[in-house]
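The block underneath contains the structure these notes are about, expressed in structure tokens.
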Amino acid sequence: SYPLLKKLNLSKNLIKTIPAFISTLEQLQELVLSTNKIRNIEQNSISSLKALTLLDLRENGLEEFFEVPRSTCFDSLILSYNRLNRFGNLRNAPNLTVIDIKNNKIAKLPNELVHLENLKTLDLTNNDLS
């Protein structure tokens, strides 16, 4: 384990699931898993990362996302270029300032978005909203 690791970039690999050791990285602030083969996220694989500020899961194949880190530090969630039709549990991260969810299949926004008082950027470009 790497108890002092703050940034982990595993982008552009062939990762199918979030490696189990990631949940033990208590000091991790930035996790980048973009451009992989992740289709779903197992429960509690990242929700325990209390120091996390940035999660980048763009360009995977996710169809839903509910595994939001329980963190007051967490401020940037990047889920663009997936196949998302549902996402939520945003109350776990009340200080989110950026949600990038462009180029997905979102048809309906979760009600909890209205509770994110610090949200500054919400990119919903090219979804299925009507």
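Key figures
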item: Residue in the stretch 103-111 that is of a type in the set (S, T, N, Q), modelled with pLDDT of 95 or more and out of contact with any Asp or Glu (no Cβ under 6 Å at 6 or more places or on another chain) present; result: yes
item: Whichever residue in the stretch 58-78 is open to solvent by less than 10 Å² (accessible area, probe 1.4 Å) and outside any loop (DSSP other than H, G, I, E, B) and, among such residues, is farthest from residue 107 (Cα to Cα); result: 77
item: Residue within the stretch 79-89 that is open to solvent by 70 Å² or more (accessible area, probe 1.4 Å) and in contact with a helix residue (DSSP H, G or I) (Cβ under 7 Å, 6 or more places away or on another chain) present; result: no
item: Pairs where the first residue, in the stretch 107-130, is within 10 Å of residue 96 (Cβ to Cβ) and hydrophobic (A, V, I, L, M, F, W, C) and the second is in a loop (DSSP other than H, G, I, E, B) and open to solvent by less than 100 Å² (accessible area, probe 1.4 Å), C-beta under 8 Å, 6+ apart; result: 113/119; 116/94; 116/96; 119/96; 119/97; 122/101
item: Residue 120 being closer than 19 Å to residue 61 by Cα, open to solvent by 40 Å² or more (accessible area, probe 1.4 Å) and of a type outside the set (Phe, Trp, Tyr); result: no
item: All positions within the stretch 90-102 that are open to solvent by 20 Å² or more (accessible area, probe 1.4 Å) and among the β-branched types (Val, Ile, Thr); result: 97, 98
item: Residue count for the stretch 82-104, restricted to those that are part of a helix (DSSP H, G or I) and more than 17 Å from residue 41 (Cβ to Cβ); result: 1
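The values are calculated or read from the model by the stated rules, or taken from the named source; none is laboratory data. As the structure is a computational prediction, the values presented were derived from the model and not from experiment. Here Cβ is always computed from backbone atoms with ideal geometry, including for glycine, and neighbour counts include all displayed protein chains. Note: accessible area is taken over every heavy atom of the protein model, side chains too, but ligands, DNA and RNA are not part of it. Shrake-Rupley method; radii C 1.70, N 1.55, O 1.52, S 1.80 Å.
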